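What follows is a single structure, written as structure tokens, with notes after it.
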Amino acid sequence: MEPPESSNKDSHGYELAEKIILRWDSTASEEARERMIFETDRQEADLYLQAVDEIQRSLSNASISSSSNNAADDQSKVNTTIQIAMARLEDEFRNILITHTSALETDSLFDPMSSSISTPSLHELEEDDSLSSHGNSSNNLLQFQHCESSDSSSYRFTSSIREVDLMPTEAISDLQAIAMRMISSGYLRECIQVYGSVRKTAVDSSFRKLGIEKLSIGDIQRLEWEALESKIRRWIRAAKVCVRILFASEKKLCEQIFECVGTDIDDACFMETVKGPAIQLFNFAEAISISRRSPEKLFKILDLHDALMDLLPDIEAVFNSKSSDSIRVQAAEILSRLAEAARGILSEFENAVLREPSRVPVPGGTIHPLTRYVMNYISLISDYKQTLIELIMSKPSTGSRYSGDPSTPDMEFAELEGKTPLALHLIWIIVILQFNLDGKSKHYRDASLAHLFIMNNVHYIVQKVKGSPELREMIGDDYLRKLTGKFRQAATSYQRATWVRVLYCLRDEGLHVSGGFSSGVSKSALRERFKTFNVMFEEVHRTQATWLIPDAQLREELRISISEKLIPAYRSFLGRFRSHIESGKHPENYIKYSVEDLETAVLDFFEGNPVSQHLRRRSQ
């Protein structure tokens with residue numbers, strides 16, 4: 001709406017304007033209280049705005065007519081009239097805002113395929129036309145008729161921002177006309193307060209639909225982590241809608257209504273509307289960033305960090321004025337604290353892995369829960385490779401890490417030259433995991449089981465690395481071969497610890513006496529040798545059938561390796577000396593097992609089950 005053109009006003013013009021103003025004085029007229037000017041016909045609204053312009057001009061000239069007998073009384077009369085007019089315009093301003101205020105339809109905004117985001121229904125304002133709908137004067141103090149809303153704000157070029165029209169063009173035009181006249185009369189504070197209170201209510205309503213709760217930092221930190229995890233997921237989704245759609249659209253609305261009055265004013269109205277909600281929104285992320293650190297929080301903290309990092313350009317674009325410095329600073333500080341929290345958790349995770357205190361051996365030498373936990377954790381870490389590469393900037397120094405401390409492992413970095421800091425970090429975690437596992441293996445009384453335990457766990461580490469392309473790429477094939485060599489060495493050590501003494505029973509040494517070969521075999525020594533073998537094999541079978549190799553391929557490979565050593569040795573020994581036992585009394589007490597029996601018995605090994613009934617019956 002444009003003010004009426006400037007002309008010489010006499011007392012008749014002022015009196016006519018005053019009459020219009022008083023007719024709509026809601027304190028003096030029941031009809032005025034029940035009706036709103038801008039809800040009647042457009043001519044009535046035009047007349048009222050022209051009347052306000054006339055009163056403002058009279059106030060500015062400090063003169064009503066040359067025939068005034070008492071200038072002070074006239075000035076007071078004008079002041080009273082303008083106060084009545086401003087009170088009325090304030091009510092009209094509030095009513096237009098309320099009438100056209102509604103919360104965003106957030107359900108569709110959550111869906112990335114929704115047209116509300118991908119193809120938002122934005123109606124470009126034809127502001128040159130809309131601003132001329134009220135009045136025809138060009139002499140208003142603010143020269144409002146020359147205002148053209150600019151679309152050159154930098155945030156409109158942020159590709160992820162999706163503004164939506166919060167009000168129809170006609171309502172915006174009415175609000176522009178009212179705001180211009182209130183502000184030119186010195187009612188800036190009232191205008192901002194009314195605008196902020198109504199629009200903030202709309203923002204609060206949208207917040208509720210988005211599931212953003214009013215929780216203090218203390219309230220958030222008192223919640224159980226399981227409850228916080230779901231809230232973090234909801235917050236990440238909601239924050240994107242708030243910054244890129246809700247706040248951006250509120251900023252656009254402020255510019256449409258107030259930009260022509262002055263940038264500082266539209267910024268002030270914007271901050272009056274969204275500062276409280278923005279602080280409420282970011283307080284959640286801040287509470288997480290300063291909460292107690294623990295390993296299970298790392299990935300949600302990284303999710304928050306990534307989401308906020310992704311939003312930061314939009315935050316800086318939407319909150320780009322000096323008055324919104326505090327919001328930009330808060331977001332940047334939260335991002336920094338989230339990064340520091342992630343680095344701290346990784347460091348504490350290292351220490352937790354190194355110091356994990358359990359001393360009770362896992363039954364059967366199977367995979368330790370710590371190994372599963374750490375490797376699953378590392379696999380998840382690799383999913384956040386890009387984020388963590390940026391967070392872990394410093395490369396450990398060349399040489400042995402923690403060298404000389406017997407309670408920590410050494411790690412030579414020379415052979416890992418060229419690895420990224422994150423890769424070195426992950427390898428270091430694997431190193432300290434192995435160091436811890438080596439310590440736990442010493443709690444097994446049976447050396448064979450200790451070796452089997454190391455074999456199982458290092459093999460699991462290798463398989464987890466191979467199963468993650470990202471992790472394998474970072475760890476590298478050279479270090480992977482080193483790990484593979486370690487579990488194969490453990491398998492070899494197991495076989496030596498278990499089967500060397502068993503196979504020792506099948507040697508020829510000590511069975512022969514002087515004389516011919518056929519007559520030179522000591523039957524008593526031979527019988528004792530068979531008895532010893534039977535006892536040893538039965539004990540190994542009874543014990544190691546309850547041991548467990550979870551990986552089927554590894555289990556089969558080890559059984560084959562055992563059979564390749566045991567079966568030929570037993571077949572050869574049996575072939576050479578069976579006749580000497582069978583020619584004597586009770587040969588079944590000494591030759592208790594056929595070659596096939598042993599082959600079957602080996603299949604019982606490492607299943608984690610009680611001893612085979614088949615072997616037990618034959619040993620009776």
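One table, with the values for the structure above:
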item	result
Those residues of region 564-594 which are touching a residue at least 12 places away in the same chain (Cβ under 8 Å) and under 60 Å from the mean Cα position of the chain (by Cα), in sequence order	LYS565, LEU566, ILE567, ALA569
Extreme residue, modelled with the lowest pLDDT, among residues of region 377-414 that are acidic (Asp, Glu) and assigned to a helix (DSSP H, G or I)	GLU390
Candidate set from region 57-83 (those that are modelled with pLDDT of 85 or more and surrounded by 19 or more Cβ atoms within 10 Å (Cβ to Cβ)); member that is nearest to ALA171 (Cα to Cα)	ILE82
Scope region 307-365; condition part of a helix (DSSP H, G or I), of a type in the set (D, E, K, R), within 30 Å of ASP551 (Cβ to Cβ) and open to solvent by 50 Å² or more (accessible area, probe 1.4 Å); matching residues	ARG355
Contacts under 6 angstrom Cβ, first residue in region 318-342 being in contact (Cβ under 8 Å) with a residue 12 or more places away in the chain and closer than 23 Å to GLU390 by Cβ, partner open to solvent by 30 Å² or more (accessible area, probe 1.4 Å) and part of a helix (DSSP H, G or I), 6 or more apart	ARG328/GLU316; ILE334/GLU286
Elements of type helices (runs of 4 or more DSSP H) contained in region 434-517, each with 3 or more residues being at pLDDT 95 or above and in contact with a helix residue (DSSP H, G or I) (Cβ under 8 Å, 6 or more places away or on another chain)	447-467, 477-504
In region 86-122, the residues that are part of a helix (DSSP H, G or I), loosely packed, with under 12 Cβ neighbours inside 10 Å and modelled with pLDDT under 50	SER115, SER118
Filtered residue count, region 246-283, keeping only those that are among the β-branched types (Val, Ile, Thr) and crowded, with 23+ Cβ neighbours inside 10 Å	3
Conditions (1) under 20 Å from VAL374 (Cα atoms); (2) free of Cβ contacts under 8 Å to residues at least 60 places away in the same chain; (3) open to solvent by less than 60 Å² (accessible area, probe 1.4 Å): number failed by THR492	(1)
Residue within region 524-544 that is more than 19 Å from ALA491 (Cβ to Cβ) and touching a His at 6+ places or on another chain (Cβ under 8 Å) present	yes
Odd one out for ALA497 among (1) open to solvent by 20 Å² or more (accessible area, probe 1.4 Å); (2) among the aliphatic types (A, V, I, L, M); (3) without any contact (Cβ under 8 Å) to a residue 40 or more places away in the chain; (4) over 30 Å from ALA342 (Cβ atoms)	(3)
Test: residue in region 368-376 that is modelled with pLDDT under 90, of a type in the set (Ser, Thr, Tyr) and open to solvent by 20 Å² or more (accessible area, probe 1.4 Å)	no
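The values are calculated or read from the model by the stated rules, or taken from the named source; none is laboratory data. What you see is a predicted model; the values in this text were computed from it and never measured. Positions of Cβ are backbone-derived with ideal geometry, glycine not excepted, and every protein chain shown enters the neighbour counts. All accessible areas refer to the heavy atoms of the entire protein, side chains included, with ligands and DNA or RNA removed. Shrake-Rupley method; radii C 1.70, N 1.55, O 1.52, S 1.80 Å.
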